[in-house]
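Peer 1: First, the structure itself, so that you have it in front of you.
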Amino acid sequence: MEKRVPTKKQQLKVLNDRIDVLQTELRKQNKAAGIDDYVIVKRTKNQSRFERIRMRGESDRAFGHYFMVLEITARKDSVFIPLSIASGKKPAGFMYQIEGTGEGAIKNAKVTVRGEGVTQVTLGTIVFAKIPPGLTADFTIQAAVRGKTGKIYKLIIHRINYKLHVTDARYRDYIKEIHSDSLKFS
């Protein structure tokens, strides 16, 4: 039996395929670590407070109010981020989830933006914040969570969707999770 020795061309193809797999894996790892080619995201403020509303003849209502400020810097190109926040499957600018020891629901949530050189662009019904390259925008996220007393809750921004051109069909995403502090509803 003759042993078949791979040619240099075959070896090169195998190595190139392996490089492609490794580069894809590296991109996934960098995204999970918050390393992005187009944006830098930092949480600069994080506050939360508990509010109890006493009800006659009913159980008390418990709310957690969360306040976060995120600094988002456009690195090398202008970035367009929708000024919306949601927890569903439809893409919004900021995607969140509630994590806790009891069942919780969002009462309301909103996001606002400010920053030197930051403008707002409207495309149909969607309002985008346009961050020019090298500039930073402050996004303020406020959310109220309805929960149960004695339980602990926190708000997690698990994805920030953005575009490089407002007319792009698909969003790019920043997927490093941004956590609020845990808040005990007591």
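Peer 1: Is it the case that some residue within the stretch 137-150 is closer than 24 Å to residue 28 by Cα, hydroxyl-bearing (Ser, Thr, Tyr) and touching an Asp or Glu at 6+ places or on another chain (Cβ under 7 Å)?
Peer 2: No, every residue in the stretch 137-150 fails to be closer than 24 Å to residue 28 by Cα, hydroxyl-bearing (Ser, Thr, Tyr) and touching an Asp or Glu at 6+ places or on another chain (Cβ under 7 Å).
Peer 1: Let me ask something else about it. Only one of 156, 126, 106 is surrounded by fewer than 16 Cβ atoms within 10 Å (Cβ to Cβ), more than 14 Å from the chain's Cα centre (by Cα), modelled with pLDDT under 95 and of a type in the set (A, V, I, L, M, F, W, C). Can you tell me which?
Peer 2: Going through 156, 126, 106 in turn, the sole match is 126.
Peer 1: If you don't mind, there's one more thing I want to ask. Can you find even one residue in the stretch 78-94 that is farther than 26 Å from residue 48 by Cβ, in contact (Cβ under 8 Å) with a residue 12 or more places away in the chain and surrounded by 21 or more Cβ atoms within 10 Å (Cβ to Cβ)?
Peer 2: Taking every residue of the stretch 78-94 in turn, at least one turns out to be farther than 26 Å from residue 48 by Cβ, in contact (Cβ under 8 Å) with a residue 12 or more places away in the chain and surrounded by 21 or more Cβ atoms within 10 Å (Cβ to Cβ).
Peer 1: If you check 56, 27, 49, which single one turns out to be out of contact with any Asp or Glu (no Cβ under 8 Å at 6 or more places or on another chain) and assigned to a helix (DSSP H, G or I)?
Peer 2: The conditions single out 27.
Peer 1: Moving on to the next point. Within the stretch 113-135, identify whether any single residue is out of contact with any Asp or Glu (no Cβ under 6 Å at 6 or more places or on another chain) and within 16 Å of residue 48 (Cα to Cα), and answer yes or no.
Peer 2: No: the stretch 113-135 contains no residue that is out of contact with any Asp or Glu (no Cβ under 6 Å at 6 or more places or on another chain) and within 16 Å of residue 48 (Cα to Cα).
Peer 1: Would you mention how many residues in the stretch 132-178 are touching a residue at least 60 places away in the same chain (Cβ under 8 Å), in contact with a Phe, Trp or Tyr (Cβ under 8 Å, 6 or more places away or on another chain), part of a strand (DSSP E or B) and not charged (D, E, K, R)?
Peer 2: 17
Peer 1: In this structure, is residue 121 at pLDDT 90 or above, under 19 Å from residue 35 (Cβ atoms) and of a type in the set (A, V, I, L, M)?
Peer 2: Taking the combined requirement at face value, the residue does not satisfy it.
Peer 1: In the stretch 57-75, what residues are surrounded by fewer than 14 Cβ atoms within 10 Å (Cβ to Cβ) and either within 16 Å of residue 179 (Cα to Cα) or more than 26 Å from the chain's Cα centre (by Cα) (or both)?
Peer 2: Scanning the stretch 57-75 gives 57, 58, 59, 60.
Peer 1: Any residue in the stretch 35-56 that is loosely packed, with under 15 Cβ neighbours inside 10 Å sitting within a Cβ distance under 6 Å of a residue that is small (Gly, Ala, Ser)? List the pairs, counting only those 6 or more apart or interchain.
Peer 2: 52/62
Peer 1: Now, a different point. Quick check: is even one residue across the stretch 69-76 in contact with a Ser or Thr (Cβ under 6 Å, 6 or more places away or on another chain) and free of Cβ contacts under 8 Å to residues at least 40 places away in the same chain?
Peer 2: No, there is no match, as no residue in the stretch 69-76 is in contact with a Ser or Thr (Cβ under 6 Å, 6 or more places away or on another chain) and free of Cβ contacts under 8 Å to residues at least 40 places away in the same chain.
Peer 1: Another question about this same structure. Checking residue 43 against (1) among the charged types (D, E, K, R); (2) in a loop (DSSP other than H, G, I, E, B); (3) in contact with a Leu (Cβ under 7 Å, 6 or more places away or on another chain), which test does it fail?
Peer 2: It is condition (2) that residue 43 fails.
The values are calculated or read from the model by the stated rules, or taken from the named source; none is laboratory data. Since the model is a prediction, treat every value here as computed from it, not as a measurement. All Cβ positions, glycine included, derive from the backbone under ideal geometry; neighbour counts span all protein chains shown.
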